Each structure stands twice: as C-alpha cells, then as structure tokens.
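As structure tokens, the structure follows; a few thoughts come after it.
We did not get these values from a lab; they are worked out from the coordinates using the rules stated. Here the structure is a predicted model, which means the values were calculated and not measured. Note: ideal-geometry Cβ built from the backbone for every residue, glycine included; neighbour counts use all protein chains shown.
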Amino acid sequence: MTRAPAGKAPAQALRDLDPDSVLRLIGSAGDLALVLDGNGSVLDILSNDRERLKTALRDWRGRAWAELVTVESRDKVAELLRDAQAAEPAAARWRHVNQIVKGAEDLPMMYTAVRVVDDVRAPAKRRLVAIGRDLRSHLALQQRLVEAQRSMERDYARFREAETRYRNLFQSTGEAVLIVDGASLKVIEANPAALALCGARSKPIGAALTSLFDSSAAGPLQALLAAARSVGKHEPLAAVLSAGSRVTVYATQFRQEQAAFLLVRLAAPAAATPARRGASAATANTAAPASATMLAAFVRSAADGLVFTDGHGRIVTANRAFAGLAQLSSEEQARGEPLDRWLGRTGVEIGVLISHLRDRGTVGLYTTELRGELGGATEVEISASQLEAGGEAQFAFAVRDIGRRLRPDERSLPKVPQSVKQLTELVGRVPLKDIVAETSELIEKLSIETALQMTRDNRALAAQMLGLSRQSLYVKLRRYGLGDLPEAAGD
C-alpha cells in the first residue's frame, strides 16, 4: 500500500480525483448511496441492484429522504442529517433504517451520512451522501436462527417428555430389567425389581453381568448374549443368580448413537403345567403368523403414509395416514387408482421414480407434492423400494409430510415481479415487442430455475417437467447463465 508523501494530508492526496472515480468510490462503499442536498432531498441514487430498484429509484428523486422511510425510521434519518451537517462532524455512525420501496417490501438498510460539499453562505448547495448496506440477508439469517432455536426447544421438550415416560415405566414395572453395555457387558442401569431379585448385598450397577449369576451359568450366558448381539434371536436361558434365585434370562439388543446395548429381562419361572406346555407349543407354532399380524398392524397405523403399488404404479393397498394426506374418507378409495392421481407435481414424476426403482431398487428423500381430493396440497418426502412378490415387481412408497419443517426463507427464492403494474408503467416508453420479449425471457428463466429447484438439479427430470428435450434445456441453461449448476446424479 502506497502512503501519501510526508506532510501531505489525505484530503490533498485525493483532491485530484475525477468525478467518475468519486462516484465509483462512493458506490463501492455500500449497496445503495443517496446523494442529498442540504435540505435532505434526494438528488441522485447509486445502487448495485438498479434492476430490482429501478421503479423505486424513479420515485425517490426530488423527494425528502425522511418521506421515503417508515415512520419509526424518520427520527434516525433526522439524526443522520444533523450529524452530517454539524460544524464539527462527529465520527460516522450507522443507523438501521427501513426504506420504503414502492410495490415491494420495505428494504432494511444500515445507513451512515457524510458531508462531501460544504457551502456556508448557501446551505442548500451543500451535498451529503448517505451510504447504505443491505440488511436483507442478515435479517434472513437472524430469522432462520430464531426458527432453529424454537425447533430445538420443541425437540428438547419432546425428548424430556419421552425420558420421563421411560423413567416411570422402567421404575414401576414389576419385571426385573437390566440395561447392559453391549461392548463391556457391564450393567448400566437396573430397576427396583432387578435390585430386589439380585439381593441386597449385590451391587449390579457397574458390575459385569456374568458376576450376578452362579459360575455354572457363565458359558451359556455368554452364548445367549452373543446370539442376541449377532442375530437378535436366542432361546431363553434358565440360570441361577448369585443370590440363589432361579430366573429365566431374555436379552434383546438395541442401538443408541451408534453404540450397542442389551436389554436383559430376568423372569422368575412359573410352574410348568401341561396346559402351559401346550400353550408354549402353540405360541411357537403361531410365531410367524403373529409377526405378519404385527407388521400389518404397523402398516395400518404408521404415522407416515405407506402405499404399495403394482409394476404399473396402480395402488394395491394404502394405510390410513396416506388416506388422510390424500383427503380420502377411507383407504378403500385409493385401491386400483394410479398413484400419480395424487402424488407428483407433474404426470411424469411417478414414471421417472418407477424407472429409477427398476434400475436401482431404492429411491430416498425425494421431495414432491401430494394433491388432496378436496384441493389441498402438501409438500412431502418420498422413500421407495422395489419388492419381489410372486415373480412380479411391486413397489412400496413411504410418504412423509414435511410441510412444517424448516425451509429456506421464501424471500431468498426467485420471485415473479409485480408484472401487471410494472408493464403498465412501461407502456408508452418501450415498444410492445420489447416488453413481450423481456417478459417471456424472464418467465422462461424463472420456470427453469423453479424446475431445477423442485428436482434438486436433476436435469433429466426438469426437462420432462418443462416439456423440453435435454439438449434444449442445456441450451437455455447456457443462455441464462445457469450452466454452472452441477450435473445431477440422475442425468
């Protein structure tokens, strides 16, 4: 960085700047700069976003700056003007001002004002410059932070409620239950029933699980735990505790935060009667039907919509949650109907999904729209997989409502301008063919951007949604400067 010669003030070093250089210097200092006279009226505007503000800029010239801001910002504007015109200007300070933009939302800005031309004899000939920085992205980030904080607080409240229910159930159940670390086989938690069964002298928590049993049970117990960890199935083990009680041991593995744990239940054996032996045999014979019954019950009562279709996308069965999302009175109404009657923003999405399922077997986290019979629309996320049943391909779809999830601020997405109002202002100033050409190009660009966002930059699906060939879509992407989007996995 070159320094000014010794003894030469910075103002003298910049005295030879030409007007264009001064304008560039002011324009680069902020996103918006207002050139004001001594009375605070706007003489000219320098903006880095003149296209978005072109209508407002024409409306601001010649008007007092205080008239162009919201009511609560007028005192701040008066303070900025007073500080800038003071005989001994104070250090520049920044104030938050909400600028009124005709036909659009208020523009949040951070302004400071400086005096650039002084004329003591004619204050009206003074020139001030108000330099502003756009706060929209900053405020959007703050809003997202607040929403994320509220979401975390709700999740934490639900977690505390679930933990309270678990604690009450764990402590009040009459069955002895131990929570065991799957790696070290040490007891982490034990409920009151387990403490009573193990005896007053023993201290189960922190001890190895095998130490709670008679030494003769060590080998079978190790085999039971290994079976529970590897395949999840095992035969109940009859064992004797160190305290002398005979128990039947059951173990089930579960995972939490990538760590494995064992839920060990200790049941005192009941007298084996012929009736009980017959009941045990009947239970073993009906285990498989019971599993199928539980699976069917889960499908019916699941919180997410579950749909099974044939190879052509026609619904074979659906659960109550899907019927609710589709605004149907019962699941029977969906049977035999094509899934794309309700699912997908366009008629080609389900076809593309099924094609991907045939090729890959699964599709996950695909975002689309579900249309209800009564006109409602819900943003949903789909996970799907291909099934083989009787040699014929079938498909299973899980449909989850994500309408209440946190999503990007809508103000950051491309918006269609106030076209009718702006077009009426252009009539008489611009030839009709230019208005039509500019509007059609704008709509075409916004449609392509929206299609790419809806398909997560999957250009093959976006081209089908727009009714274009992929080559035509690539040509338009290059024309509108969208060609740097990454190639999607589905291309």
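If packing is taken as the average number of other Cβ atoms within 10 Å across a peptide's residues, how do 355-361, 106-112 rank, most packed first?
Descending mean neighbour count gives 106-112, 355-361.
Between A226 and H96, the FRET efficiency estimated from the beta carbon spacing at R0 = 60 angstrom works out to 0.35.
Within the range 300-393, none of the GluC sites (Glu not before Pro) combine a DSSP coil assignment with at most 10 other C-beta atoms in a 10 angstrom radius. With R₀ set to 30 Å, the beta-carbon distance separating R470 from L141 gives a calculated FRET efficiency near 0.25.
The residues packed around T317, meaning those with a beta-carbon under 10 Å from its beta-carbon, carry a net charge of 0 if Lys and Arg are +1 and Asp and Glu are -1. With both labels modelled 7 Å from their Cα along Cα-to-Cβ, the V116 to E257 distance reads 5.8 nm. Full extension of the chain between K76 and E392 gives 106.5 nm of extra length, using 0.36 nm per residue less the Cα-Cα distance.
With distances taken between every two different alpha-carbon atoms, the range 173-270 has a Kirkwood hydrodynamic radius of 13.3 Å.
Estimated from the Cβ-Cβ distance and a Förster radius of 56 angstrom, the FRET efficiency linking A86 and F170 is about 0.20. The label point for D359 and the one for L25, both projected 7 Å from the Cα toward the Cβ, are 5.9 nm apart. On full extension of the chain, what length is gained from A243 through H312, given 0.36 nm per residue of separation minus the C-alpha to C-alpha distance? Contour length minus Cα-Cα distance gives 18.5 nm.
Neighbour counts of other C-beta atoms within 10 Å: give me W60, W65, W94 arranged from fewest to most.
W94, W60, W65
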